[in-house]
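J.: One structure is given below, represented as structure tokens, and several questions about it will come after.
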Amino acid sequence: MKETYSNIDNTSAIFEIKSLLHDMRQGEKSVTEFFITLSRYWQQLDTYEEIEWKCPDDKKKYRELVEKDRIYKFLLGLNRDLDEVRRRKFMLGNIAPAPYI
């Protein structure tokens with residue numbers, strides 16, 4: 001019973017957070033404020049998403065993919081006046097973790 005209902009709660013919370021993240025843009029926030037806001041939601045997602053890994057390498061690979069997706073989300077959510085920064089990051093292939101962008 002606990003597993004069934006706790007999973008439903010997690011699913012709805014995950015859905016709500018992902019919906020917010022999907023539509024989130026920098027807007028009037030500074031780049032730092034935008035990143036902090038995204039990070040808070042990502043931390044919540046990490047708390048709700050419970051994945052049991054049988055292989056440590058799979059967990060590591062998954063985390064790398066998640067981090068890459070988060071970098072893309074951050075870059076895509078930036079205001080248009082930062083298009084040049086975004087373009088340079090992609091042209092150089094220099095996609096680093098978002099805090100260093």
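J.: Length gain on complete extension for the stretch Thr32 to Arg80, per 0.36 nm per residue less the alpha carbon to alpha carbon distance?
T.: Between Thr32 and Arg80, full extension yields 15.7 nm more.
J.: A further question follows. Going by a ≥ b ≥ c, the root eigenvalues of the Cα gyration tensor, does region 16-76 fall in the rounded group (a/c under 1.5), the prolate group (a/b larger than b/c) or the oblate group?
T.: prolate
J.: Provide the per-residue ³J(HN,Hα) series for region 32-47, in order, calculated from phi with Karplus coefficients 6.51, -1.76, 1.60 and θ = phi - 60°, each as a whole number of Hz, with x at glycine and proline positions.
T.: These are the phi-based 3J(HN,Hα) values: 5, 4, 4, 5, 4, 4, 4, 4, 4, 5, 5, 5, 4, 4, 4, 6 Hz.
J.: Let me ask something else. Say R0 is 22 Å: what FRET efficiency, to the nearest 0.05, do Leu65 and Thr11 get from their beta-carbon distance?
T.: The pair Leu65/Thr11 has a calculated efficiency of 0.60.
Taken together, the values in this text are just the output of simple stated rules run on the coordinates, not laboratory data. All figures in this text were calculated on a predicted structure; none of them were measured in a lab. In this analysis, Cβ positions are derived from the backbone assuming ideal geometry, glycine residues included, and neighbour counts consider all displayed protein chains.
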